[in-house]
1. Explain nothing, just compute: Karplus ³J(HN,Hα) = 6.51 cos²θ - 1.76 cosθ + 1.60, θ = phi - 60°, for every residue of segment 513-522 in order, whole Hz, x for Gly and Pro.
2. Sorted by average packing, counted as other Cβ atoms within 10 angstrom per residue and highest first, what order do 734-742, 665-673 take?
3. FRET efficiency for F198 and D773, Cβ-Cβ distance as r, R0 = 41 Å, nearest 0.05?
4. Quick check for you: with a 1.4 Å probe and neighbouring chains kept, what is the accessible area per residue of segment 605-663, in Å²?
5. Could you give the radius of gyration (one decimal) and Dmax (whole number) of the Cα atoms in segment 605-663, in Å?
6. With label points built 7 Å along Cα→Cβ from the Cα atoms of L127 and K416, find their separation and express it in nm.
7. Sorted by average packing, counted as other Cβ atoms within 10 angstrom per residue and highest first, what order do 752-765, 128-141, 349-362 take?
8. When ligands, DNA and RNA are left out and all protein chains stay put, how many square angstrom of accessible area per residue does segment 1-80 have with a 1.4 Å probe?
Amino acid sequence: MTEVASAVVHDVLGRRFQEVDQPIVDYIVNVLADEDFDFGDEGEGVFEALGELLVGAECVTDFNECRLVCSKLTERFGKHGLFKEKLTVRSLTTPVRMNDGMEEEAPKKKPEPIDGPLLSERDKQKLERRKRKDERQREAEYQVHLAEMEAARAGMPVVCVNHDRDGGPNVKDIHMENFNVSVGGRDLIVDGSVTLSFGRHYGGLVVESLVGRNGTGKTTFLRHMAMHAIDGIPSNCQILHVEQEVVGDDTTALQCVLNTDIERAQLLEEEARLLVQQRDLEFGGETEKSNSSIDKDAISTRMEEIYKRLELIDADSAESRAASILAGLSFSPEMQRNATKTFSGGWRMRIALARALFIEPDLLLLDEPTNHLDLHAVLWLETYLVKWPKTFIVVSHAREFLNTVVTDILHLQGQKLNSYKGNYDIFERTREEQVKNQQKAFEANERSRSHMQVFTDVSVTNKLLSHCCCISMSFIDKFRYNAKRASLVQSRIKALDRMGYVDEVVNDPDYKFEFPTPDDRPGPPIISFSDASFGYPGGPILFKNLNFGIDLDSRIAMVGPNGIGKSTILKLIAGELQPSSGTVFRSAKVRIAVFSQHHVDGLDLTSNPLLYMMRCFPGVPEQKLRSHLGSLGVTGNLALQPMYTLSGGQKSRVAFAKITFKKPHIILLDEPSNHLVSHYPFLCNILFASIRKVLEGRAVLFLIREVKSFDVFCSGNLNPDLDAVEALIQGLVLFQGGILMVSHDEHLISGSVEELWAVSEGHVTPFHGTFQDYKNILQSK
């Protein structure tokens, strides 16, 4: 039947139909060949189902011709017997009352019973007033939180290039011994000891849920470090925390970086002022020259001092070095000359990072430095940090980035700090082996202690319980206060003390990312681009003649430099933008979910996750919303916690919960790992605090892994494999729908997608190779 239908459609539409993309051709033929399809009277059913598609694909010139073609298709399909005419259903001129002539009236439907007591109007008004009061209170608490954050930022010291290092010689190695760190009255590190060798980069793993009620543990601690507000921080240790983007004003990007060298800027300004004075004196009269001979000598002396100082601080190379750093972060020469106010927030964060790299502080604090970078800039930053002459602290979710820049890992477990040689992958293998050995040692120790503690009749035998199973009572506990056996009990207790304890392995609870499976599966094509072009009004054409399709089996990652238009393509796919020309077809039944920074920033921070979901989906039972939040890791009291107290990763989970509640068929992800990992790890803060107590002007790199609760952190084991990015990968792999993501995270891409699309020069083309092949091409350029 499909072959006959295809022949009829080609015969009716003619040559124009041969120029249409094959997915659209197949869709039209399959719709018409469906035996349940209703062609309607005079082809109205065909027009309603395929009219816009036929016009958009240029199979017909306009809708008038489209109606004629649909009528002709209906006639031809009817002649070939490809569909059965349906009986015409006519409407009655007047309604028919089925109970006319009947004596008894039909019983009225009884109202459904309402659970709980009925609320009076007064009670409803009370509830409404309570609701408004709670909203005002949440808003007031949020404003207090914003005021505290602004006050903390205002107190941050200005960090600039420091060409002088007063305070004695630098310490090469740092020996930290027997130090304690506690937060909120709870011990996080007890009797910690660690040695930081000069010239090595120490890394760790990003911690997810060690947070208090305010959710700002790590940020607050980093600010305290930068403000030298912690005891033990040397006054001559220069610390720079890259936290905020630079202010947008008329200063160029290049000058914004150069302005961090305050001494150089002041010397150049003084030089310019003295040159003007010197020129005025030279062109003055003879009387003025004789009277100002002393001034000229003073100016010449000062100018000589300025030139010597500029040479000493290598002022001539400052501009080229700043330009080189900006170029590495993907700033073209033209962009470097643009005012900072013309850049978006992401690009201004790059300028802030460039300023930090240009300053070269004693201790550089980097919080997710790759979030706002494209792959080319990430590769450059890796190379730059590997050669970093000092020490830095970095928190990052990018596994490959950590593997490149880290030489050692500091791991906090059981309130103790341990150091591991090697990068992230080596640490994972070492920890896995240690956990296995620890579990075996724990089990053996428990068996031995049980054998020592439980005995048969002591007067008869001295053997352990393992040789006799008739007694199950603890010998020590039973005879501890028996005078006749006191000496024997004491000997057993001493034997147990000599045996010692082995800590039990406590596994972290798993991260959860369970995307709901759609109940239906629309037929292909799902999404199809046919010669689609796009450009913003008044601007150039960004993309021309895009031709590609997405279905429920697609697993695609788009790669390319920042600013090339990857997010624009996502908006075209989602329908947020319309093509300037060509066709973008979306199945009427397809549901698309889009995750981006916009959805995270759009959360109501004064609300809590559960209340936010109830407002987004009114009428849905609370338990259903709680269950959906729990499937994405927002469980228990976390669902009732104010949104502004949540970490970046937890806010991302709430955003995921919102966009996936309707069970989408296609998920579009715009840099999901950037916002997934939390930005509030106490473990990072703890390590920073411990260093601060004995730092003596040095710096350290830490990476802290995700932990799920305070108690787990204090007593348990950190499993390196159970982190948020890994959970996202597992969730995407199990998702029964299509995926298209924009990302530069190699681990995420390699674990969850099957195809790469490269975006460049206004085109989207499949990349035949792995992500590593793509990186190699970028590095070779």
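The values are calculated or read from the model by the stated rules, or taken from the named source; none is laboratory data. All figures in this text were calculated on a predicted structure; none of them were measured in a lab. Using ideal geometry, Cβ is built from the backbone for each residue, glycine included, and neighbour counts are taken over all protein chains shown. With ligands, DNA and RNA removed, areas are computed over all heavy atoms of the protein, side chains included. Shrake-Rupley method; radii C 1.70, N 1.55, O 1.52, S 1.80 Å.
1. For segment 513-522, the Karplus curve yields 9, 10, 6, x, 7, x, 6, 10, 10, x Hz.
2. Result, highest mean first: 665-673, 734-742.
3. 0.65
4. Working: 2180 Å² over 59 residues.
Per residue, segment 605-663 has an accessible area of 37 Å².
5. Rg, Dmax (Cα atoms, Å): 10.1, 28.
6. For L127 paired with K416, the spin-label model returns 5.6 nm.
7. Per-residue Cβ counts within 10 Å, averaged per peptide and sorted highest first, yield 349-362, 752-765, 128-141.
8. 57
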